[in-house]
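In what follows, a single structure is set out as structure tokens and then discussed.
Every number in this text was worked out from the coordinates using simple rules, so none of it is lab data. Since this is a predicted model, take the numbers as computed values, not measurements.
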Amino acid sequence: MNGKRDLPIILLACILQLLLLPIAHAIPSPDPSAGSGSGPGMVLRVRLADGSMERIQLEEGKEETLTLGDILSPLGVPSGASVRIGAKTTTSTETDDSNLKALEIKHGSMITVLPSPKPKSENSGTTSRFAARKNARQKRYSA
């Protein structure tokens, strides 16, 4: 082998190892005793009415003592807001007294706060474009 030809390759390999060394130490190695998941307890995902997502970490065993109101009130969700837990829709006032275990909320459950419906005013003064066209046609044919 030619030593002069191998030198640039060896130098390049050493430089790459030095550059990748901090990255290798930054990646945590899996701990087999920790099991799967993000540690003890449970994580709940809450999608707020504005579309933002919050992750809430709960201590192990808290699902029997915490209620849905305890989870949602610190996030600024008003009592009585419509909430979807998985595929089931309910309101937070109906479930304020039920603990998370009774509501079948588990690790990784998605709680979606539904936006409140906009009140419809019957006399808003605006007409849809279809109603405006219909009125224009009726005026044309009646004249």
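Annotation: region 42-113 has a Kirkwood hydrodynamic radius of 11.9 angstrom, from the mean reciprocal C-alpha pair distance. Under 5 Å between amide hydrogens, built in the peptide plane, is the criterion, and for Ser109 it picks out Arg45 among residues at least 5 positions away or on other chains.
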